[in-house]
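Notes follow once the structure below has been shown.
The values are calculated or read from the model by the stated rules, or taken from the named source; none is laboratory data. These numbers were taken from a predicted model, which means no experiment stands behind them. Note that each Cβ is placed from the backbone with ideal geometry, even for glycine, and that neighbours are counted across all protein chains shown.
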There are 2 protein chains.
Amino acid sequence: MNIDMIRAAAKRIEGHARRTPLLSSPFLDELAGKRIFLKAECLQHTGSFKFRGGWSAVSALTDNALKTGVIAYSSGNHAQGVALAAREHGAPAVIVMPQDAPAVKIENTKALGAEVVLYDRANGESREAIGIKIAQERNLTLIRPYDEPEVIAGQGTCGLEIAQDANALGITDADVLVCCGGGGLTSGIALAVEADAPGLKVHPCEPEGFDDVVRSLATGKIESNAQLTGSICDAIITPQAGDLTFPIMQRLCGAGHVVKDEECLRAMALAFERLRIVIEPGGAAALAAALFHDTSDTVIAVATGGNVDATMFKRALETL
Amino acid sequence: MNIDMIRAAAKRIEGHARRTPLLSSPFLDELAGKRIFLKAECLQHTGSFKFRGGWSAVSALTDNALKTGVIAYSSGNHAQGVALAAREHGAPAVIVMPQDAPAVKIENTKALGAEVVLYDRANGESREAIGIKIAQERNLTLIRPYDEPEVIAGQGTCGLEIAQDANALGITDADVLVCCGGGGLTSGIALAVEADAPGLKVHPCEPEGFDDVVRSLATGKIESNAQLTGSICDAIITPQAGDLTFPIMQRLCGAGHVVKDEECLRAMALAFERLRIVIEPGGAAALAAALFHDTSDTVIAVATGGNVDATMFKRALETL
């Protein structure tokens, strides 16, 4: 896993993924007492950065592998990213999703042409085991959500854009806050800014009670979450960091931030009011950390996704 | 008023206004039965395209004129655009606003450092008269919201970007739908695409009961609105088209669209769900026309602004 793979993914993605804007508001800066820039990946195709990794992985396959198809497991955003990338490559896609995933994410994945297989997250069924089993039975290529080199490379293209924009703005010293599940985006961005904007330091952000990566960085070994349900931040709840992603994060990242659900809802509401974008709870963890935790003068937060239903969004608006 | 003024404004604006993204969703396309692209000017600084015209006009002033300051009248978006542009040029700004403008727009204008003077829109007080009077008393430069060459030139920069993106996407034949108040943005975009993407045809979009420009294009002379209050689309309610903007629209625009409030609310909700952006009611008129009225195969709609309060936004979400 290295910067060359990220640059190669950037070439394959060009013209397919959106170059998302880096937003800011003098009102947010005043409220937070620091400069905040938000990388709006919620505006990416399928509503999250996951389209980058999906496109990167699918576009790296051989024609034969594309013909037989791909399989992915995902709580919803990787699902949609892979489904759309597969459809645009003419490849069949099977997506294994938890049955308690947000309905909008399951519906969207089906609407993008994928075959959806549901499993029960609460009863301890392993999505990896289901994915591997179906992949073998049907000769499909498994695209893991984060511990997959071409997926990390795709997510890293977001980091290349952050580095380019930071350099254009003359930002030489800033914290880059990333909503973190298994660490695919976090490690990809860390590799990209190491190469192109080495004054930036990446910090993973996780919800309270699901802070395995924050703890892993503190203890120096991969820690797990005690549970996998019960957070509004469904998009970034994973069992633990990956064997590929953790060493990268350990080498390059600063200490992580742990945010409360209420802080994520408040961040969603402020993004509505001041930046006019829609962020889902898990995608707002980094902005919440930027607003309420990080002590750097300049922060670049990544809003990783925007697939949220109206009920949850109204709950966020109640915090205004 | 010509394309050279727009290109000159684009040079002054570069690095100050945001290059807003052109968004799309396969779900919206399927729903509408056509390709829809949305120019997300709600992501512009101050939450609307008005920052372009404000910056263009303020940046064209002499140092002496900047020192004495500027004055503008506006229901809220031009107010914020001029206020921020003036602050960034170190110029004092007085903004005349209707007292029934959305509270968030009045608050934001004050927070951007402008002196706000309120007037009563319902009782027929003329904002133009108030603006001209204060301008004379205090030697301020009046920046009209639309019938002002440098303002039209600034709004036209949005059209240069639309033309560039359409050309990059290979779109040679499309309707460009623009939410229309006094016609500054509509005429600016029309001039820009005439020069750079002549296969695109601009159509103004207005709310039912406030469709003066649509009627003016039909009759061939400037028609007025019977009333100036009573629409949720406050951002695009103006007495009538301008003496500068109307002849441009008459020469270059196709027939306009009239949309219902309910259609704007539904367009806001679909933009939330499918594009993850926040649009205000008046800023959603063009998307509403794209979804429910226009019959072209390919439509580029401009989402002109996103300054909406939570109560109104929740009302839009109820339509999902």
- Item | Among the residues listed as B:G254, B:G181, the single one being surrounded by fewer than 21 Cβ atoms within 10 Å (Cβ to Cβ) and either assigned to a loop (DSSP other than H, G, I, E, B) or in contact with a Leu (Cβ under 8 Å, 6 or more places away or on another chain) (or both) | B:G254
- Query: Taking interchain pairs and intrachain pairs at least six residues apart, which have beta carbon atoms under 6 angstrom, with the first residue in region B:291-317 and within 11 Å of chain A (Cβ to nearest Cβ) and within 25 Å of A:F313 (Cα to Cα) and the second part of a loop (DSSP other than H, G, I, E, B) and of a type in the set (A, V, I, L, M)?
  - Reply: B:A303/B:I279; B:G306/B:V278; B:G306/B:I279; B:A310/A:L320
- Item | Matching option when the condition is part of a loop (DSSP other than H, G, I, E, B) and of a type outside the set (F, W, Y), among B:Q164, B:Q227 | B:Q227
- Cβ pairs under 8 Å, 6+ apart, first in region B:212-232 and within 15 Å of B:T245 (Cβ to Cβ), second exposed (fewer than 12 other Cβ atoms within 10 Å of the Cβ) and of a type outside the set (S, T, N, Q): B:V214/B:A255; B:L217/B:A255; B:I222/B:D243
- Query: Given the structure, is A:R18 assigned to a loop (DSSP other than H, G, I, E, B) and within 14 Å of chain B (Cβ to nearest Cβ)?
  - Reply: yes
- Task: Being away from chain A (no Cβ under 11 Å) and hydrophobic (A, V, I, L, M, F, W, C) is the filter here, so list the residues in region B:39-54 that pass it.
- Result: B:F49, B:F51
- Task: With the condition kept exactly as written, say whether any residue in region B:246-254 is touching a residue at least 12 places away in the same chain (Cβ under 8 Å) and under 21 Å from B:P21 (Cα atoms).
- Result: no
- Single condition A:G90 does not satisfy, out of (1) small (G, A, S); (2) assigned to a helix (DSSP H, G or I); (3) more than 14 Å from chain B (Cβ to nearest Cβ): (2)
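Would a scan of region A:127-135 turn up a residue that is in contact with a Pro (Cβ under 8 Å, 6 or more places away or on another chain) and outside the structural domain of A:A310 (by TED's automatic domain parsing)? Walk me through how you get there before you give the answer.
We begin by selecting, within region A:127-135, every residue in contact with a Pro (Cβ under 8 Å, 6 or more places away or on another chain); these are A:127.
Next cut, outside the structural domain of A:A310 (by TED's automatic domain parsing) only: A:127.
For region A:127-135, residues in contact with a Pro (Cβ under 8 Å, 6 or more places away or on another chain) and outside the structural domain of A:A310 (by TED's automatic domain parsing): present.
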- Task: Please state which of the following conditions B:A85 fails to meet, knowing it meets all the rest: (1) part of a helix (DSSP H, G or I); (2) within 14 Å of another protein chain (Cβ to nearest Cβ); (3) closer than 27 Å to B:A289 by Cβ; (4) of a type in the set (G, A, S).
- Result: (3)
- Query: If the Cβ limit is 6 Å and pairs must be 6+ apart or interchain, which residue in region B:264-275 that is within 11 Å of chain A (Cβ to nearest Cβ) pairs with which residue that is surrounded by fewer than 23 Cβ atoms within 10 Å (Cβ to Cβ) and of a type in the set (G, A, S)?
  - Reply: B:R274/B:S25; B:L275/B:S25
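If only one of A:L275, A:L317 is surrounded by fewer than 24 Cβ atoms within 10 Å (Cβ to Cβ) and closer than 23 Å to B:L320 by Cα, which one is it? Please lay out each step first, then the result.
Details: A:L275 fails: surrounded by fewer than 24 Cβ atoms within 10 Å (Cβ to Cβ).
The match here is A:L317.
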